[in-house]
1. Based on the Cβ-Cβ distance of Arg52 and Arg92, what FRET efficiency does E = 1/(1 + (r/R0)^6) give at R0 = 22 Å, to the nearest 0.05?
2. Give me the distance in nm between label points sitting 7 Å out from Cα along the Cα-to-Cβ direction at Arg197 and Arg104, one decimal.
3. Please identify, among Val114, Val19, Val100, the residue showing maximal mean-square fluctuation in a Gaussian network model of the chain using a 10 angstrom Cα cutoff.
4. What is the Cα centroid distance between the stretch 175-206 and the stretch 2-53, reported in whole angstrom?
5. Please list, by residue number, every one of the GluC sites (Glu not before Pro) in the stretch 155-217 that is coil in DSSP and has at most 14 other beta-carbon atoms within 10 Å.
6. Just order 115-124, 165-174, 85-94 by mean Cβ neighbour count inside 10 Å, highest at the front, would you?
7. What trypsin sites (Lys or Arg not before Pro) does the stretch 14-56 have in DSSP loop regions with at most 16 other beta carbons within 10 Å?
8. Length gain on complete extension for the stretch Ala61 to Glu45, per 0.36 nm per residue less the alpha carbon to alpha carbon distance?
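Any read-out appearing in this document is the output of simple, stated calculations on the displayed coordinates, not a laboratory observation. Nothing here was measured: the structure is a model prediction, and the numbers come from that model. Here Cβ is always computed from backbone atoms with ideal geometry, including for glycine, and neighbour counts include all displayed protein chains.
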Amino acid sequence: MTRTFFVTGTNTEVGKTYVTAALLHAAGVQGLKTAAVKPVASGCEQTPEGLRNSDALTLMAAMSEEMPYEQVNPIALEPAIAPHIAAMEAGRRLEPSRLVGICRGVMSGKADLVLIEGAGGWRVPLAPRLFLSDVPRALELPVILVVSMELGCINHALLTAEAIHRDGLPLAGWVANFVRGPQSDMPRAEENLATLRTVLPAPCLGVLPHDESGDYRSGAAHLDLSPLLSSSN
C-alpha cells in the first residue's frame with residue numbers, strides 16, 4: 001500500500017527539502033521504495049536540459065524510484081520569488097488541478113512512500129483565490145509539518161496546524177529542524193521543544209540538529225518513521 005504525505009513548513013527557508021530528503025532516505029534504509037514530487041519550484045537555473053531546481057534535484061537523489069525531472073518538478077520557474085508572481089511574469093497560469101493529476105500519477109506508481117513537498121508555507125498563492133494547499137486538499141493527504149526552531153516557532157507552528165485542520169486534513173507528524181543554527185544558540189530550546197510536543201496534535205518525528213553540510217543522510221538518523229508507516233493512509 002502506497003502511503004503519501006504532503007510536506008509543508010512554518011515558513012519559507014525552514015529546511016523542507018532537507019527534511020523531505022531525510023525522510024526519503026530513512027525510508028529507503030528500511031527497504032521501502034520511495035518517490036517525491038515538488039509540484040512548484042521557483043529559483044530555478046537554466047541548464048542545457050531546461051530549467052532545474054536544486055531542491056527537486058535533491059529529492060531525486062534521495063528517492064529510490066527513477067522518474068523524469070518534469071514529473072518530479074512539473075512547474076519550474078526561474079526567479080527566486082513567490083511562485084504566483086514568477087508565473088505571472090512568465091505568462092503562465094498555475095492550475096492546482098494539473099498538479100493534482102501529476103501527483104496522482106506518482107501516487108499510483110510502485111513506491112511504498114510518496115512525499116509531496118510544498119513551496120514556502122501552507123498558504124502559498126498560485127493565482128487569485130487559488131493556493132498550493134488546494135493540492136493536498138484535493139488529494140485528501142495527511143500533512144507533515146517542518147518547524148524551524150527559532151524565536152516565534154510555537155506561534156508559527158500552531159497557526160499552521162490550525163490552518164491545516166481547518167482545511168480538513170490531518171497533521172500526521174512534525175519535525176523540529178534547527179536550520180538557523182545549533183540548538184545551543186536558541187534560548188530555551190528544550191523548553192520550546194517541550195511546549196511544541198504538548199500543543200501540536202501530532203507526534204514529533206524527530207529533532208534535527210543544525211548541519212552545515214546539508215547532508216540529508218545525517219538528518220535521517222534522527223528521524224522516527226514509525227508513526228507514518230503505521231498509519232492507515
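1. That gives a FRET efficiency of 0.80.
2. 4.1 nm
3. Val100
4. 22 Å
5. Answer by residue number: Glu212.
6. 115-124, 165-174, 85-94
7. Lys33
8. Roughly 4.0 nm would be gained on extension.
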